[in-house]
Amino acid sequence: MTAAPTQVLRQRRILPAGENGSLWEARPSCGIFEFRGMRLRLEVEDPTEVLFPTDCGLSLIAALSHNDVPDLKGINALDVGAGSGLYSVALLAAGAERVTALDINPASAAQTVANVMTNGLDATRLTCVTSPLKEYTPTEKFDLVITNPPHLPYDPGYARNDGLETALVARNGGRAVYADLVEQMDTLLAPGGTLLMAHSSLADIPRTVEDLTARGYESNTLEVFEMDIPLLAYAEHKNTVLGLLKEQRAAGRAEFDGSRFTVHALMFQRPPDATNG
């Protein structure tokens, strides 16, 4: 029997309009963020090679203070789409025993290691892997998987083939990585483990919840954030991007209002008695 999704209503946190969101003290290449009483620093050497995290990604950090989130001390975690290492840094700072940073972008590994060391953390507890998610085969299952997948729809007119594209854009109407996560999760996550996801309303949140619920996962919404659609990197293609998103909205696969959308910090838990995949 399929477990029913857990519905928890959270007050929406509205971030002010403009290129500098309220969650960062500075950007686009260096910023300070607070996490569980710690002030951590994140830098990106070349923002065109590795995207400096937007408020979409940082929203999940803000949500991790909820009591519902499992203890992070001593865990073995996988950071999917690690980028600059935002989540890897936060998890190691919170006491994770080991973190694997997975990203398709080769530049991510060096940037993640640099940010771990900048914050005085033990880089020997970090493993960086350059691989597409679909081709990644772990040697063990993880206690926690954390991710902020790309969520803007792909179009050949603004294809860049660089770090920005891998961080922001995905095929299948922006859902490609979400779909891969659903398919791979039983392989990645140990029974009783937790998936933490910053899920964009531009990429069909109900479908992801439905697909993981059908696999026996329990879902919980930690927090909802409203913010600007991240179009700065695609300013000259704004109309094309919004046109594609409007098509997705008309088909019931996206929710947004003008240039504002929401990011849901979601937590999925795999049943402790699940069969190993």
*Most exposed first by the Cβ proxy, i.e. fewest other Cβ within 10 Å, how do His237, His199 rank?*
His237, His199
_Column: log10 I(q)/I(0), Debye, Cα scatterers of segment 130-277, q = 0.09, 0.14, 0.17, 0.19 Å⁻¹_ = -0.29, -0.69, -0.97, -1.15
*Exposure proxy check: Cys128, Cys56, Cys30 ranked by fewest other beta carbons within 10 Å?*
Cys30, Cys128, Cys56
*asked:* Give me the one-decimal nm value for the distance between modelled label points at Arg160 and Arg207, 7 Å along each residue's Cα-to-Cβ direction.
replied: 2.4 nm
*Ranked list, fewest to most other Cβ atoms within 10 Å of each Cβ, for Glu223, Glu247*: Glu247, Glu223
*Calculate the tail of P(r) for segment 193-239: the fraction of all Cα-Cα distances greater than 18 Å, expressed in %.*
44 percent
*asked:* What number does the chain give for Rg over Rh if you use C-alpha atoms and the Kirkwood radius?
replied: 0.93
*Which whole-Hz ³J(HN,Hα) couplings does segment 169-183 yield from phi under the Karplus relation 6.51 cos²θ - 1.76 cosθ + 1.60, θ = phi - 60°, glycine and proline marked x?*
10, 9, 6, 6, x, x, 9, 4, 6, 4, 5, 5, 4, 4, 5
*Integer Hz, Karplus 6.51/-1.76/1.60 couplings in order for segment 126-137, x for Gly and Pro*: 10, 10, 9, 10, 9, 5, x, 4, 5, 9, 8, 10
*asked:* From the phi angles alone, apply the Karplus equation (6.51, -1.76, 1.60; θ = phi - 60°) to segment 192-209 and give each ³J(HN,Hα) in whole Hz, x where the residue is Gly or Pro.
replied: x, x, 10, 10, 10, 9, 8, 10, 6, 6, 7, 10, 6, 4, x, 5, 4, 4
_Could you compute how fast segment 203-277 diffuses translationally, taking Rh as the Kirkwood radius over C-alpha pairs and applying Stokes-Einstein at 37 °C with viscosity 0.692 mPa s? Give it in µm² per second._
228 µm²/s
*Amide H neighbours of Glu255 under 5 Å, at least 5 residues apart or on other chains, H built in the peptide plane: list them.*
Leu202, Ala203, Asp204
*Based solely on C-alpha atoms, express the radius of gyration and the Dmax of segment 155-224 in angstrom.*
13.7, 43
_Can you tell me the mean projection area, over all orientations, of the convex hull of segment 90-142's alpha carbons? Units nm², please._
3.8 nm²
*To the nearest whole percent, what portion of all C-alpha pairs in segment 79-216 is separated by more than 18 angstrom?*
55 percent
*Taking every DSSP beta bridge that has both residues in the chain, what percent is antiparallel when rounded to the nearest 5?*
50 percent
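None of the figures in this text is laboratory data; all of them are computed from the coordinates on show. It should be emphasised that the depicted structure is a prediction, and the values quoted were computed from it without experimental measurement. Backbone-built Cβ (ideal geometry, glycine too); neighbour counts: all protein chains shown.
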